[in-house]
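A short write-up of the structure that comes next.
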Amino acid sequence: VQLQASGGGVVEAGGSRRLSCEASGPAFSRYGMGWFRQASGKEREFVAATSSIGAPTIYSKSVEGRFTISRDNAKNMGYLEMNDLRPEDTAVYYCAAERTGFQSSNRANYAYWGQGTLVTVSS
C-alpha cells in the first residue's frame, strides 16, 4: 500500500487543522493506521493510532483530548483532526499502516509510510 499525507501548513496557536492520508490499494482497509510526527532535531514519535475498523483508538498523552484519529475505508482515507494546537505540535506528520490490523504505538510495527506533511504552529 502507498500512503500520501496532506493538509499541513501554518496555523496559529489555539487553532485547528485536519490532516488527510490517502491510501492506494484495497489492502488498506485491513491494516491498522497510525500518525507519527517528527520535530526538527528530534526522533519520530507516536501521535495516534486506530485499528482496521476505526476502533479502538489510542493517543499519546501529549495530544490526548486535542487530536482525533479517524478513517473512511470506503474512500481509502485516514484523518487526523487537530484542535487547540500548540507551538510544540510543530513537526512533520506522517501517516503509516501496519499489517496486523491492530492499533499500535510502536513505530517498528508499521511497514508502510507516507512522505509526511509539515505543520507549523505559530505563537
Loop-located GluC sites (Glu not before Pro) in region 3-77, at most 16 other Cβ atoms within 10 Å (DSSP): E43, E64
Surrounding net charge for K75, when Lys and Arg each add one and Asp and Glu each subtract one, Cβ distance under 15 Å: 0
Spin-label zone in region 12-34 - amide nitrogen under 14 Å from a point set 7 Å from the Cα of V1 along the C-beta vector: 21-34
Charge tally in the Cβ shell below 9 Å around N109, where Lys, Arg are +1 and Asp, Glu are -1, N109 excluded: +1
For T117, solvent-accessible area (1.4 Å; no DNA, RNA or ligand), Å²: 20 Å²
Phi-based couplings in Hz for region 115-121 (Karplus 6.51, -1.76, 1.60; Gly and Pro marked x): 7, x, 9, 8, 10, 10, 10
With every protein chain in place, region 1-95: carbon and sulfur % of accessible area (1.4 Å): 45 percent
Residue of S29, S105, S60 that the Gaussian network model of the chain assigns the largest fluctuation, springs spanning Cα pairs under 10 Å: S60
For the chain: accessible area per residue (Å², 1.4 Å): 50 Å²
Rounded to whole Å, sorted largest first: equivalent-ellipsoid semi-axes of the chain, Cα gyration tensor: 22, 14, 13
Relative contact order computed over the chain (Cα-Cα under 8 Å; 6+ residues apart), in percent: 37 percent
Point-charge dipole on Cβ atoms (K/R +1, D/E -1) for the chain, about Cα centre, debye to 20: 220 debye
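The values are calculated or read from the model by the stated rules, or taken from the named source; none is laboratory data. Given the structure is predicted, the values throughout are model-derived calculations rather than measurements. Note that each Cβ is placed from the backbone with ideal geometry, even for glycine, and that neighbours are counted across all protein chains shown. Protein only, heavy atoms only, side chains kept; ligands, DNA and RNA dropped before computing areas. Shrake-Rupley method; radii C 1.70, N 1.55, O 1.52, S 1.80 Å.
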